[in-house]
1. Write out, first by first residue and then by second, each pair whose Cβ atoms fall under 6 Å of each other, whose residues are 6+ apart or on separate chains, and whose first residue, in segment 190-207, is within 20 Å of residue 154 (Cβ to Cβ) and part of a loop (DSSP other than H, G, I, E, B) while the second is away from the ligand (no atom under 13 Å from the Cβ) and aliphatic (A, V, I, L, M).
2. Quick check on my filter: what residues within segment 193-204 are more than 9 Å from the ligand (Cβ to nearest atom), surrounded by 19 or more Cβ atoms within 10 Å (Cβ to Cβ) and not aliphatic (A, V, I, L, M)?
3. Any residue in segment 211-221 that is within 15 Å of the ligand (Cβ to nearest atom), in contact (Cβ under 8 Å) with a residue 60 or more places away in the chain, hydrophobic (A, V, I, L, M, F, W, C) and not in a helix (DSSP H, G or I)?
4. Of the conditions (1) surrounded by fewer than 17 Cβ atoms within 10 Å (Cβ to Cβ); (2) closer than 16 Å to residue 80 by Cβ; (3) within 16 Å of the ligand (Cβ to nearest atom), residue 190 satisfies every one except a single condition; which number is it?
5. Where in segment 93-166 are there strands (runs of 3 or more DSSP E), lying wholly inside it, with at least 2 residues that are among the hydroxyl-bearing types (Ser, Thr, Tyr) and in contact (Cβ under 8 Å) with a residue 60 or more places away in the chain?
6. Report whether or not residue 181 is within 12 Å of the ligand (Cβ to nearest atom) and in a loop (DSSP other than H, G, I, E, B).
7. Keeping to segment 224-244, report how many residues are within 25 Å of residue 109 (Cα to Cα), out of contact with any Cys (no Cβ under 9 Å at 6 or more places or on another chain) and not small (Gly, Ala, Ser).
8. Quick one: in segment 119-178, of everything that is within 16 Å of the ligand (Cβ to nearest atom) and polar (S, T, N, Q), which residue is modelled with the lowest pLDDT?
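The values are calculated or read from the model by the stated rules, or taken from the named source; none is laboratory data. Not measured: the values here are computed from a predicted model. Positions of Cβ are backbone-derived with ideal geometry, glycine not excepted, and every protein chain shown enters the neighbour counts.
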Amino acid sequence: MSWRFVFAVPVILLGLAPNEALAFCRSTTCVGEDCTRDENGCKTSGQPLYWPSSCIGISLQQDSSVHIAFKYFEQVAQRSMLTWTGLECEGGPASIGFSQLDNIACKQTEYNSGGTNANVILFQDTKWVYKGIDNTLAKTTVTFNDDTGEILDADIEINHANNNFTISDMVIEYDLEAVLTHEMGHLIGLDHTPDVSATMFAGYEPGSNDQRTLEEDDILAACEVYSASRSAPCTPEPRGGLGNECGGEANAVDEGGVGGCTNCSQSSSTGAAAWLAPLVLCGFAGARRLRRSRNVVRATKGDG
Ligand SMILES: [Zn+2]
């Protein structure tokens, strides 16, 4: 594995009051319809999800999209990672960031418990296989340890089969950077927030690039999970080492070792079909193993 790019740490300063009302929600190991929730709609059952590392290794799928040249895909992806990097929390920067690793050939989401892996961002250009959510913008699949909430792998798929993504500041349809920035929030373990101004709100308004940047609620969420004082090494290499091909090449890591997972689950964040046209939503859906999803209804971002 080589490190292609380690993101520098920008500082975003916020004057945060210590007892600010909190709206953000964390994803947990509880999936499906039976999870208990608090007054904000945040899950209260299950272990909250988190990455043990302070830097997550991300790979880009080498083919990009037929509609977007790789170099632009890379630029946008890097910006979305940078947006979540070096967030200023109480006592110092958040203990989370990203390292861009080698591009990979594998073009599917997967987790290989006994082999190599990649946390990949990829496009689906011709077919979106997830039924019932075919105008979904993107989907983040997170694999985690059921017992601890530790995230083992996460992959982002962008649905260019049913949507037209743009990367321009001038002509915006579905803004790739805004959508990726939201999905990166899911990738680090955040769920949707009821705060309509936040990037982790469950909605995206076509033509908007508001969600390229984070709001206070998003930063508070990241600081909650990845505090400055957290003891976390920077270990960007995926579980079992970085794999280029699908299927996870077998390696020296056994099931009981660092690459192993005896009690894994996968959870998916999906963009849900809009119930209020022309909005397109992004909901945190049920686990893949349950074969069901929960669509989230919302109003226009910012209109309350
Ligand atoms: Zn979402």
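1. 199/214
2. Residues of segment 193-204 that are more than 9 Å from the ligand (Cβ to nearest atom), as a first pass: 193-199.
Right, trim to surrounded by 19 or more Cβ atoms within 10 Å (Cβ to Cβ) and you get 193, 195, 198-199.
Those that are more than 9 Å from the ligand (Cβ to nearest atom), surrounded by 19 or more Cβ atoms within 10 Å (Cβ to Cβ) and not aliphatic (A, V, I, L, M): 193, 195, 199.
3. Yes.
4. Checking residue 190 against (1) surrounded by fewer than 17 Cβ atoms within 10 Å (Cβ to Cβ); (2) closer than 16 Å to residue 80 by Cβ; (3) within 16 Å of the ligand (Cβ to nearest atom), the one that fails is (1).
5. Numbers: elements: 97-101, 120-124, 138-145, 151-159.
Output list reads 138-145.
6. On the way: within 12 Å of the ligand (Cβ to nearest atom): yes; in a loop (DSSP other than H, G, I, E, B): no.
Criteria not met by residue 181.
7. Total satisfying the criteria: 4.
8. By that ranking, first place goes to 135.
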